[in-house]
Amino acid sequence: QGQLVESGGGLVQPGGSLRLSCAASGIIFRLYRMGWYRQAPGEQREVVATIASGGNTVYADSVKGRFTISRDNTKNTVYLQMNSLKPEDTAVYYCYAFRAGYRDYWGQGTQVTVSS
């Protein structure tokens, strides 16, 4: 079965940047819609951005203009470029894979902390 592994999280100052990566294996990556979700302490998990197999992207209003989701189908990897980071972006970020008619997959999560 499929597996998603996130990397790139860490501690960054407000206004800084970070790039998250999610490497997929065990799935036909190009056929899946990929996404990034996040969950802050005491809050529900929320969608940050998604990218369809054809490249269409959708962003949460809170990150629009600051974050960019992209995918490299030759590397089976989806990325989240995070710029102008704010303390409210602090959360565990999860990679997600979806394909109609098949089970979905979640990564283990990577911690992003935005603090002075």
* Asked: Given the conditions (1) touching an Asp or Glu at 6+ places or on another chain (Cβ under 9 Å); (2) touching a residue at least 40 places away in the same chain (Cβ under 8 Å); (3) over 20 Å from GLN108 (Cβ atoms); (4) not small (Gly, Ala, Ser), and given that LEU20 satisfies all but one, which numbered condition is not satisfied?
  -> (3)
* Take ARG66 and decide whether it is within 19 Å of LEU4 (Cβ to Cβ) and either charged (D, E, K, R) or touching a helix residue (DSSP H, G or I) at 6+ places or on another chain (Cβ under 8 Å) (or both). => no
* **Count of residues meeting criterion [closer than 13 Å to GLN81 by Cα, in a strand (DSSP E or B) and open to solvent by 20 Å² or more (accessible area, probe 1.4 Å)] in the stretch 7-43** => 4
* Of the residues in the stretch 44-64, how many are open to solvent by 30 Å² or more (accessible area, probe 1.4 Å), outside any strand (DSSP E or B) and in contact (Cβ under 8 Å) with a residue 12 or more places away in the chain? -> 4
* Flag for LEU85 being under 13 Å from the mean Cα position of the chain (by Cα) and farther than 18 Å from GLN1 by Cα -> no
* To do: Note down all Cβ pairs under 7 Å where the first residue falls in the stretch 93-116 and is more than 14 Å from TYR79 (Cα to Cα), the second is acidic (Asp, Glu) and open to solvent by 20 Å² or more (accessible area, probe 1.4 Å), and they're at least six residues apart or on different chains.
  => PHE98/ASP104
* Structure fact -> Checked against (1) at pLDDT 95 or above; (2) assigned to a loop (DSSP other than H, G, I, E, B); (3) in contact with a strand residue (DSSP E or B) (Cβ under 7 Å, 6 or more places away or on another chain); (4) farther than 26 Å from GLN13 by Cα, LEU85 satisfies every condition except (4)
* Structure fact -> Filter the stretch 81-92 for residues that are crowded, with 19+ Cβ neighbours inside 10 Å and out of contact with any Gly (no Cβ under 8 Å at 6 or more places or on another chain); the one that is farthest from ARG38 (Cα to Cα) is MET82
* **Search result, residues across the stretch 41-76 that are within 19 Å of ILE28 (Cβ to Cβ) and in contact with a Lys or Arg (Cβ under 7 Å, 6 or more places away or on another chain)** => THR50, ILE51, ALA52, SER53, ASN73
* Scan the stretch 21-61 residue by residue and report those that are out of contact with any strand residue (DSSP E or B) (no Cβ under 6 Å at 6 or more places or on another chain) and within 14 Å of GLN3 (Cα to Cα). => ILE27, ILE28, PHE29
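The values are calculated or read from the model by the stated rules, or taken from the named source; none is laboratory data. All of these numbers come straight from a predicted model, not from anything done at the bench. Glycine gets a Cβ as well: all are built from the backbone with ideal geometry, and neighbour counts include every protein chain shown. What goes into the accessible areas is simple: the full protein's heavy atoms, side chains included, and nothing from ligands, DNA or RNA. Shrake-Rupley method; radii C 1.70, N 1.55, O 1.52, S 1.80 Å.
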